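Take a look at the structure below.
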Amino acid sequence: MKFFSNLKIRTTPSVAIRIFLWAFMLIGGVVGGIYCDLVCFESFKALFLDPFYHLLTFILGFILMAMAFRAAAAGGRELAKHGKDGQVPRLETNRLVTGGIYAHMRHPMLFGLTLVPLALGLMVGSVTFITLIAPIEMTFIVIMVLTFEEWECRKKFGGAYDAYAKNVPAVCFKPKCLKALFTKNSKN
């Protein structure tokens, strides 16, 4: 257990709670989805046990997961470069970032993280997870981020964030925005 005693991640309780909830939802989604596919929904059982179906959904899920992490990483890189001034807890910022991908959307990491439940459901091949659980989890992630993150940003950055929010949408589906989000090392 010496490994865990040396593992010190400094972050705020708000971020730690969100990470815990996100992990709990994903693990619960996998377990609950597989259980329901095999026990609750007889019509899903045959599909869940079909190897061709699993191959197809795994490939689609893998592609979607790569896109999700690319989007989250784009936001994270921008925050790491421009969002910190001095000693700031991990996964936190103390400077408002409005350039790069953040010139296109306020929550690029939300965009990526919202895709993760569906991608994981596809990779696991659980029909219940894909059709029922993932949409609920995706909705919860959006509500959680748009409630807590927006509140924290307004509290932290005040009027500057309000002005930024008036001009930049939470997420953006325009081709230019998506290209900036999913293109590695793009210059925005």
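Values as computed for the structure displayed
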{"item": "Positions within segment 79-125 being among the charged types (D, E, K, R), modelled with pLDDT under 85 and out of contact with any His (no Cβ under 9 Å at 6 or more places or on another chain), in sequence order", "result": "81, 84, 85, 90, 92"}
{"item": "So residue 26, is it under 22 Å from residue 126 (Cβ atoms), at pLDDT 85 or above, touching a helix residue (DSSP H, G or I) at 6+ places or on another chain (Cβ under 8 Å) and hydrophobic (A, V, I, L, M, F, W, C)", "result": "yes"}
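The values are calculated or read from the model by the stated rules, or taken from the named source; none is laboratory data. As the structure is a prediction and not an experimental result, all values here were calculated from the model. Please note: Cβ atoms are built from the backbone with ideal geometry, for glycine as well, and neighbour counts cover all protein chains shown.
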